[in-house]
1. Does residue 91 count as in contact with a helix residue (DSSP H, G or I) (Cβ under 9 Å, 6 or more places away or on another chain), under 27 Å from residue 221 (Cα atoms) and part of a helix (DSSP H, G or I)?
2. Out of the residues in region 145-159 that are aliphatic (A, V, I, L, M) and either under 15 Å from residue 116 (Cα atoms) or in contact (Cβ under 8 Å) with a residue 24 or more places away in the chain (or both), state the one that is surrounded by the fewest Cβ atoms within 10 Å (Cβ to Cβ).
3. Closer than 23 Å to residue 135 by Cβ and of a type in the set (S, T, N, Q), is that true of residue 174?
4. For the subset of region 132-181 comprising residues that are among the basic types (Lys, Arg) and assigned to a loop (DSSP other than H, G, I, E, B), which member is farthest from the chain's Cα centre (by Cα)?
5. Just the residues that are charged (D, E, K, R), free of Cβ contacts under 8 Å to residues at least 24 places away in the same chain and farther than 30 Å from residue 51 by Cα, please, taken from region 196-220.
6. Report the residue count in region 67-82 for those that are out of contact with any strand residue (DSSP E or B) (no Cβ under 6 Å at 6 or more places or on another chain), among the hydrophobic types (A, V, I, L, M, F, W, C) and either free of Cβ contacts under 8 Å to residues at least 24 places away in the same chain or over 15 Å from residue 188 (Cβ atoms) (or both).
7. Might you let me know whether region 132-141 holds any residue that is touching a Lys or Arg at 6+ places or on another chain (Cβ under 6 Å), closer than 30 Å to residue 18 by Cα, surrounded by 13 or more Cβ atoms within 10 Å (Cβ to Cβ) and of a type in the set (Lys, Arg)?
Amino acid sequence: MKIADMNWMQVEAYLQTDDRCILPLGSTEQHAYLSLCVDIRLPEKLALDVAEPLGVPVFPTLAYGLTPYFRAFPGSVTLRHDTYLRIIRDVLDSLAESGFRRILIINGHGGNSPAAGLVKEWMADHPGFRVKWHNWWNAPKTWAKVQAIDPDGSHASWMENFPWTRLPDIELPTSKKSMADHNLLNVLSPKEVRAYLGDGNFGGVYQRSDEDMLALWAVALEETRDLLMENWG
């Protein structure tokens, strides 16, 4: 359930019987022909789909992350590394003070991964609290399904093109784009990244059937729900 649909008294009552919650992390950044909020929509929907039958609260998705390499694409927003880590720490501190002792972070953006190290540090400072960091798209079962459908899945390609991330009345290319050189991307400036990528897709086909996408989502849903339910120690 969304925290937005609860008041503080309902949260306090929930915490009498359960101490789990979900915190989705996203990013506002270019995704070629898809929504700038792909990395917000995906972890948020996954969190809500996972939590719905269990009654676990889902906090609002953190909409901004670490994406300095996309700064030359209008609409992309990035935080500085130290700013982002401070935000994550402050959010975790607040959740802990409220009484949440088991926190599942569903991360929707690879650039946010430096915060995974902060999470380990935070747990070392907070004995008895558990935080799971989950990059949903490359978790073992989900990534295996991606590879089974089409090994050429990448940023802004078919693997992020779900019915809820595409935009109306936008025509996508039907061609298959050559895969970008990630080693080269790592050394380019934001303007050079834009010039190199063109539309922003990292490579592969732009869209696959909804049947493929819903099959992928079903695997991600099951894998993520298992994390919420099992092995908290």
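The values are calculated or read from the model by the stated rules, or taken from the named source; none is laboratory data. Quantities reported herein were computed from a predicted structural model and do not represent experimental measurements. Heads up, the Cβs are rebuilt from the backbone with ideal geometry, glycines too, and the neighbour counts pull from every protein chain shown.
1. Taking the combined requirement at face value, the residue does not satisfy it.
2. Our first condition is that a residue be aliphatic (A, V, I, L, M); within region 145-159, this holds for 146, 148-149, 156, 159.
Now narrow it down to the ones that are either under 15 Å from residue 116 (Cα atoms) or in contact (Cβ under 8 Å) with a residue 24 or more places away in the chain (or both): 146, 149, 156, 159.
Numbers: 146: 21, 149: 17, 156: 24, 159: 23.
Checked region 145-159; the qualifying residue surrounded by the fewest Cβ atoms within 10 Å (Cβ to Cβ) is 149.
3. Values: closer than 23 Å to residue 135 by Cβ: no; of a type in the set (S, T, N, Q): yes.
Criteria not met by residue 174.
4. Looking at the filtered set, the residue picked out is 176.
5. Initial filter on region 196-220 (charged (D, E, K, R)): 199, 208, 210-212.
The next check asks that each one be free of Cβ contacts under 8 Å to residues at least 24 places away in the same chain; those that pass are 211.
Selection gives nothing.
6. Adding up the residues that qualify gives 1.
7. First pass over region 132-141, keeping only residues touching a Lys or Arg at 6+ places or on another chain (Cβ under 6 Å): none.
Within region 132-141, none of the residues are touching a Lys or Arg at 6+ places or on another chain (Cβ under 6 Å), closer than 30 Å to residue 18 by Cα, surrounded by 13 or more Cβ atoms within 10 Å (Cβ to Cβ) and of a type in the set (Lys, Arg).
Conditions (1) at pLDDT 95 or above; (2) buried (at least 20 other Cβ atoms within 10 Å of the Cβ); (3) among the hydrophobic types (A, V, I, L, M, F, W, C), marked per residue:
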position: 40; (1), (2), (3): yes, yes, yes
position: 53; (1), (2), (3): no, no, no
position: 60; (1), (2), (3): yes, no, no
position: 63; (1), (2), (3): yes, no, yes
position: 87; (1), (2), (3): yes, no, yes
